[in-house]
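The values are calculated or read from the model by the stated rules, or taken from the named source; none is laboratory data. From a predicted model like this one, the values you see are computed outputs, not experimental measurements. Here the Cβ is made from the backbone with ideal geometry for all residues, glycine too, and neighbour counts use every protein chain on show. Note: areas computed on protein heavy atoms with side chains; ligands, DNA, RNA excluded. Shrake-Rupley method; radii C 1.70, N 1.55, O 1.52, S 1.80 Å.
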Amino acid sequence: MKKTMWIMTSIVVVMVLGTYLVAINTGREEAGTENATNVRTLVEDISTGKESPVSASIDAKQLIVTDQDKHTTTYDLPQDEFFLSIAPYVTQTHPCAIHSLTGCQGEMINEEFSVTIHDSEGNTFMKESAMKSGANGFMDMWLPRDRTYLIRVVHHGKVAETQLSTYDNDNTCITTMQLS
């Protein structure tokens, strides 16, 4: 009887301990990936108008969103990705450093561009890829952090090229690419 009691107690202890360990570790591995995916989705939803907060801005490290109740929430961006929003233009632009997902307006709305991106080590991230600007005139993209890139944008034979980087102090709003 004592042996049976000891075995049953041991089984219960093992089950409780196992359940506890599973519970505290559930989602730990996925949390970073899931959070990054959620932030990327939220950025896309705000950019495309699926979500309409009062304001939303995105710098090199964070997305800051203010909702209809004037409550502000800050989301950390993925540690390995950098958000970049580019508004090519022909005649009209505005100065910008930190992209406002709810306020920045580019000249070329819903236009298609050919985009090529190379990093300083010769890696190609896009080669003449078709990208369309949104209703705000910007093309949004996520690039690996801590690199320098050469970005080339072509639209109806007009070209704009610039060198950009994705370090913690770099701009997320690029409004200096004039097509000529």
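Largest to smallest in accessible area, the residues Tyr167, Tyr149 fall in the order Tyr167, Tyr149 (1.4 Å probe, all protein chains included). Segment 56-112 and segment 157-171 have Cα centres separated by 15 Å.
Peptide packing: for 122-135, 89-102, the average count of neighbouring Cβ atoms within 10 Å per residue gives the ranking 89-102, 122-135, highest mean first. In summary, the aspartates and glutamates within cross-link reach of Lys61, defined as a Cα separation below 15 angstrom excluding same-chain residues under 8 places away, comprise Asp76, Asp80, Glu81, Asp146, Asp168, Asp170. Electrostatic bookkeeping for Ile117 treats Lys and Arg as +1 and Asp and Glu as -1; over the other residues with beta carbon under 13 Å from its beta carbon, the sum is -1.
A probe of 1.4 angstrom, applied to the heavy atoms of all protein chains, finds Glu81 with accessible area near 40 square angstrom. Relative contact order of segment 44-180: 28 percent, from C-alpha pairs under 8 Å at least 6 residues apart in sequence.
Counting only protein heavy atoms and using a 1.4 Å probe, the accessible area of Ser55 comes to about 50 Å². Cys173: net charge of surrounding residues, Cβ under 11 Å, Lys/Arg +1, Asp/Glu -1, itself excluded? The answer is -3. Using the Cβ atoms and a cut-off under 12 Å, what net charge is assigned to the surroundings of Tyr75, where Lys and Arg are +1 and Asp and Glu are -1? Residues close to Tyr75 contribute a combined charge of 0. For the pair Ser52 and Phe125 in one chain, pulling the backbone fully straight at 0.36 nm per residue adds 23.2 nm over the alpha carbon distance.
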